[in-house]
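Each reported figure results from applying straightforward, stated rules to the coordinates on display, with no laboratory input. Values in this document were obtained by computation on a predicted structure and should not be read as measured data. Note that we place each Cβ from the backbone using ideal geometry, even for glycine, and neighbour counts take in every protein chain shown.
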């Protein structure tokens, strides 16, 4: 029996078939979950719609997480489609690519605020908006990276944003726990995604991870998907507020 039969979830942040969000979508679909998807901009819409259709979803809505009206429209559409929401996957982050080069102290105020808004506050905003639909409890899942804990070359302001996101996960978990809602940040090891392609010298980082991780292997989107799907299962109902590393143990190595 599919372990997530009858469950319904929102997937935000699919860019293409190599996206972490897509790996998660495939895994929860394989367990029987029904899915809704968002995208931002026509180009991404053309990529996301066929992927959504391949997992039996016709619920694909454009959404800009930095736009209150757009978010209102998304959740109005969800409420009109489903009486209940069981999980949300937030795989969204953005910064000016030039801010990933040079020094963190050279980050502009405007880019800092935009990066924190899209990469961190949007998760808090989604949690608040999802709460009325999560009548049977559920899970809120976001993506982070080890650059939140230690200095990573060419990560800069995104590392600061991910640190804030992980703190938000803990606070939201504490506040929504009594309602049966679990909250987690997923921290994969380096892997080739559209987002990672904007990080300078990322190939070298992947080579280092593969050579030093205890598993001696790189993570895949399917590895991330399967582990994330576990956290959305009822069997994980007493696990919350965590940062789950899916990196072959790389995070324990100096």
(request) Restricting attention to the stretch 150-193, report how many residues are touching a residue at least 12 places away in the same chain (Cβ under 8 Å) and closer than 16 Å to residue 241 by Cα. (result) 22
(request) Being crowded, with 22+ Cβ neighbours inside 10 Å and either in contact with a helix residue (DSSP H, G or I) (Cβ under 7 Å, 6 or more places away or on another chain) or without any contact (Cβ under 8 Å) to a residue 24 or more places away in the chain (or both) is the filter here, so list the residues in the stretch 20-34 that pass it. (result) 20, 22, 23, 24, 27, 28
(message) Looking only at the stretch 1-19, how many residues end up being out of contact with any helix residue (DSSP H, G or I) (no Cβ under 8 Å at 6 or more places or on another chain) and within 17 Å of residue 85 (Cβ to Cβ)?
(response) 3
(request) Could you check residue 32 against (1) on the phi > 0 side of the Ramachandran plot; (2) in a helix (DSSP H, G or I) and say which number it fails? (result) (2)
(request) Just need a number here: residues in the stretch 86-103 that are out of contact with any helix residue (DSSP H, G or I) (no Cβ under 6 Å at 6 or more places or on another chain) and in a helix (DSSP H, G or I). (result) 2
(request) Return the only residue of 95, 142, 108 being more than 30 Å from residue 234 (Cα to Cα), surrounded by 21 or more Cβ atoms within 10 Å (Cβ to Cβ) and either touching a residue at least 12 places away in the same chain (Cβ under 8 Å) or out of contact with any strand residue (DSSP E or B) (no Cβ under 8 Å at 6 or more places or on another chain) (or both). (result) 95
(message) Between 244, 238, 231, which is surrounded by 14 or more Cβ atoms within 10 Å (Cβ to Cβ), within 19 Å of residue 136 (Cβ to Cβ) and out of contact with any helix residue (DSSP H, G or I) (no Cβ under 6 Å at 6 or more places or on another chain)?
(response) 231
